[in-house]
Structures are given as structure tokens and as C-alpha cells.
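Structure, as C-alpha cells:
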Amino acid sequence: MEIKEVCIGHIAEIFLYEYYVAGNEEYKLKEENTYAVHSEAGKHFMENGDYEAALQEWIRAHEDNPVSQEALLNIVNCYIHLENIEKVLEYTKKSYDFCCTRAELAAFYRNLGFYYVSVYKPEVAAACYRYSTLFVESEAAENEIKFLEKALKKSMGKLTIEEMQKLLSENDIPLQANSVTLALIYKAGQEAAQRGLKSQAHDCFSMVYDLTHDEEVKNILQKMV
């Protein structure tokens, strides 16, 4: 049986990959960082507006590192430009388990907002866009909300968090970061600290704190300074 080769360097990604992707299957790290090669090519093609070529590069990058949010979000971006709505939803859902920061979670809800606009569910779309701003304020999200408010002829700014969450829950949309993912990143931080990987440990605990504002994690970070 051929052993899967991947381009994963950070301990948080290793924990996520082993849990969500590898399972009990063996894998090894590639000697050459082909992920970087494909991601740079993907960026180049996107800058030149060639989203078909960019998509192929980002898919190869995703194969090299299946837990990379950079690859997943750029695949979604390409599919948005190529107007492949079902693929936008497919890869947006894939990205959820690997949302490790507020910015990544905000992007998840914005991408869902785009999907629900495309399938003519403006109220759900507006709730997704507004909910994304609870994590990171975004001019793009605000512009989409204004557009939808005109279409719906009502203000989405007056929705309570509970009302937004009700709309999201009715459409099977998670309301917060995956608790399993947070636990995995926390464990990765502990292991990194034990192994003397101070920078990576700090990264892990910073990601957990970013999404939880947990006092225990805050204390860990303060002691690491």
C-alpha cells in the first residue's frame, strides 16, 4: 500500500491532519515543499484572472496539505468566480473543521452567505453575513448586507444574536468553532510546549484564545511571554 506524502509543518496542522484525514493510515512528510510551489502558482493565476488554472493549482496544494485553510479558502474563491455554486458549498463545509481563528470562521460564514444568495435564500444569506461580523468586521460583508436589506426591505442590523442563530440552526449551520478542533489545537500546544517548540506552542494557544477567550488559555499565554 502506497504511503501518503503530505506537506505539513506546523504541529497544529499535524494534529488536525491525523484526526480528520489520516485516521489510522500511515503518512510521511514530503522532502520537497510542493505545497508552496502550487500555492504560489495559484496566487499568480488568480492575480491574472485565470481562475480555471488557479483552481487546479489550489486543488494540488490542497492534496499536499488537506488541512490548509489557505488552500481551501482559495478553492472556494475560485469556484465563486467560476460560478460553481455547489462546489462553493462543498469546500466551504470542508473548511469548517479547520477554522482555527476568528478571521477563518468569519470567512466561513461569508462564503455561506454567498451560497445562500445564489440559491435565493436572502434571509439566511443576510444572517450569515451579519453573523460573520460578530467574529471580524468586514466591509464586503456590510456591502452584501446592505444589498440584501434593499431586496428584503428590512434592516438586518436589528436582528438579535438569538434570531440569527435560529436562522442558522434551521439550516444546519454551526454557530461556533468546532469544539473538537479547539481541543486538538490545545493538545498540540501542550505537546509543542513539552518539546520546546515555543513559537508553535504560542501559535496554538493563541488560536484557541482567539476563538474562546478562555481565562486559563490567557494565563498560559501570559506565562509564555
Could you report the accessible area of I11 in Å², rounded to 10, computed with a 1.4 Å probe on the protein chains as they sit in the structure?
10
Rounded to the nearest Å, what's the spacing between the alpha carbon centres of segment 165-225 and segment 89-141? Just the number, please.
20
Would you work out what percent of the accessible area of the chain, with all protein chains in place, is carbon or sulfur (probe 1.4 Å)?
49
Please find, in a Gaussian network model of the chain (springs between Cα atoms separated by less than 10 Å), the residue of N48, N33, N77 whose mean-square fluctuation is greatest.
N48
On average, how much accessible surface per residue is there in segment 137-182, in Å², for a 1.4 Å probe, leaving out ligands, DNA and RNA?
68
At 7 Å along the Cα-to-beta-carbon direction for both Y27 and A53, put a label point, then send me their distance in nm to one decimal.
3.0
On a 25 Å Cα-Cα criterion, which of the cross-link pairs K93/K223; K166/K218; K4/K94; K93/K154; K43/K187; K94/K166 come out too long?
K93/K223; K166/K218; K93/K154; K43/K187
What FRET efficiency, computed as 1/(1 + (r/R0)^6) with R0 = 25 Å and r the Cβ-Cβ distance, is obtained for A151 and R102, rounded to the nearest 0.05?
0.35
Relative contact order of segment 126-225, please, whole-number percent, based on alpha carbon pairs below 8 angstrom and at least 6 residues apart.
17
5 Å is the cut-off here: which amide hydrogens, built 1.01 Å from N in the peptide plane, fall below it relative to K4, excluding neighbours closer than 5 in sequence?
K28
Give the relative contact order (percent, whole number) for the chain; include only Cα pairs under 8 Å separated by 6+ residues.
17
Qualifying GluC sites (Glu not before Pro) for segment 16-99 [loop in DSSP, other Cβ within 10 Å: at most 12]
E25, E26, E31, E32, E83
Find the relative contact order for segment 23-147 and round it to a whole percent, using C-alpha pairs within less than 8 Å whose residues are 6+ positions apart.
15
Determine the gain in length on full extension of the stretch L82-K187; use 0.36 nm per residue of separation and subtract their C-alpha separation, reporting nm with one decimal.
33.9 nm
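The values are calculated or read from the model by the stated rules, or taken from the named source; none is laboratory data. This one's a predicted model, so the numbers in the text were calculated from it and none came from an experiment. Here the Cβ is made from the backbone with ideal geometry for all residues, glycine too, and neighbour counts use every protein chain on show. When the accessible area is computed, the model is the full protein with side chains, heavy atoms only, and any ligands, DNA or RNA have been set aside. Shrake-Rupley method; radii C 1.70, N 1.55, O 1.52, S 1.80 Å.
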